[in-house]
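Worksheet for the structure shown next.
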Amino acid sequence: MTIPTEPIGSIPRPRALQQALGEYTQGRLSDKELAGLQQQAAADTLTRLAALDCPVLVDGEQAKPSFATYPIAGLASLAPNGVTIPFADGHVRQLPCLTEGPFRYQVRAESYLRDARRYTDRPIKQAVIAPSALSLLYPAEPIVGYSREAFLSDLADEAEADIRGCLEAGAHVVQLDFTEGRLSLKLDPSGALLDDFIALNNEVLARFSEAEQARIGVHTCPGGDLDSTHSLDVDYAELLPKLFQLKVGNFYVQLASEADPERVLRVIADQLSHGIRVFVGVTDPIDPTVETPEEVRDRVLLAARYIPVEKLGTCDDCGFSPFADDTSTSRDLAFAKIEARVRGTALASQALGFALDGQ
């Protein structure tokens with residue numbers, strides 16, 4: 001018996017790439033030079049993950065400006081005064097704001113996947129941003145000649161194409177990053193905004209067959225940036241029942257950094273349905289202490305008390321560096337935590353296999 005384990009997405013960029021990004025913003029580095037360094041970083045990421053015996057690889061999002069904004073990189077019709085996202089430590093991230101339509105992705109995630117495929121023949125997971133996150137780009141005041149309804153229609157088409165392109169390019173699984181799910185309950189405690197997010201995402205997901213949905217997943221967490229979160233104080237129990245309404249086969253749920261993981265597991269257990277798998281977070285990217293394989297094993301064994309083993313997987317709580325300028329976590333620390341996840345999951349698989357064999 002082997003419990004599947006997968007990364008979430010981002011991994012800290014090498015120092016050389018971080019320096020290059022600074023030079024690029026100052027106009028001292030060309031597009032070609034930056035792209036070359038990003039490709040080197042992606043190749044190194046894939047090689048190091050393979051060396052750790054990771055069954056599923058990612059490119060670490062080395063070429064993305066952020067997990068959320070890659071589709072709009074280079075889009076001219078944006079203003080800087082969009083939705084603000086405050087984090088617990090006081091820092092703020094701000095989304096841009098759309099100024100005119102029609103809305104079109106400038107970059108599709110399949111381009112990262114195709115680049116990564118040049119460096120490995122192992123299964124590769126591709127993360128994409130959920131359409132619900134990009135719905136926040138539309139301003140409060142309607143755009144003249146481009147209604148919110150028209151924008152959401154264009155957004156749904158673009159999001160579908162983003163996901164479908166990754167599936168057709170051979171992604172092992174396509175993961176929708178849905179960090180705004182928990183955040184929405186802070187922005188709107190009534191839950192109406194969350195309902196809108198779920199409906200929009202499901203409108204897109206319903207365009208895929210059951211076989212395709214089995215290769216699609218959704219990741220939820222309280223945000224992770226500069227060693228802080230934006231919604232860890234929001235009750236998970238308010239989110240999870242609605243999260244599990246999404247039409248996907250895989251759910252990636254941050255859990256290691258929860259104060260009461262067993263309470264969360266009880267909520268998850270009540271939402272289990274046929275044909276889904278729940279990957280629980282067993283490493284905390286924000287915590288500078290590297291988990292031991294035995295600690296990971298014990299977290300998996302706890303989860304197995306609530307989630308049937310055939311529906312269980314493991315992951316990291318979140319990406320390690322979802323924004324390109326985040327240097328709060330070192331690259332080596334991230335790989336050490338990933339190694340602990342892989343080894344600890346293997347230990348749990350052995351323990352559970354022996355237990356089942358003895359029944």
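Values quoted throughout were computed directly from the atomic coordinates according to the rules given, and no laboratory measurement underlies them. On a predicted model such as this, the values are computed, not experimentally measured, just so you know. Here the Cβ is made from the backbone with ideal geometry for all residues, glycine too, and neighbour counts use every protein chain on show.
Of note:
- Sequence of SER153, SER184 once ranked by neighbouring C-beta atoms within 10 Å, starting from the fewest: SER153, SER184
- Extension gain from ALA259 to ALA150, taking 0.36 nm per residue of separation minus the Cα-Cα distance: 35.1 nm
- For the chain, the antiparallel share of DSSP beta bridges with both residues in that region comes to about 25%.
- Unpartnered cysteines - no second Cys beta carbon under 4.7 Å - across the chain: CYS54, CYS97, CYS166, CYS315
- Segment THR292-SER111, extension gain: residue separation times 0.36 nm, minus the distance between their alpha carbons: 61.6 nm
- Largest-first principal axis extents of the Cα set of the stretch 84-211 (Å): 46, 40, 27
- Burial ranking of peptide ranges 251-258, 207-214 (average Cβ count within 10 Å, highest at the top): 251-258, 207-214
- Length released on extending from GLU310 to ARG28, taking residue separation times 0.36 nm less the Cα-Cα span: 96.3 nm
- Checking the cross-link pairs LYS32/LYS64; LYS186/LYS311; LYS125/LYS311 against a 26 Å limit on the alpha carbon distance flags LYS186/LYS311 as lying beyond it.
- For HIS274, HIS230, order by how many other beta-carbon atoms lie within 10 Å, fewest first: HIS274, HIS230
- Within the shell defined by Cβ-Cβ distances under 14 Å, the residues around GLN62 carry a net charge of 0, with Lys and Arg each +1 and Asp and Glu each -1.
- Counted by neighbouring Cβ atoms within 10 Å, the residues CYS221, CYS54, CYS97 run from fewest to most as CYS97, CYS54, CYS221.
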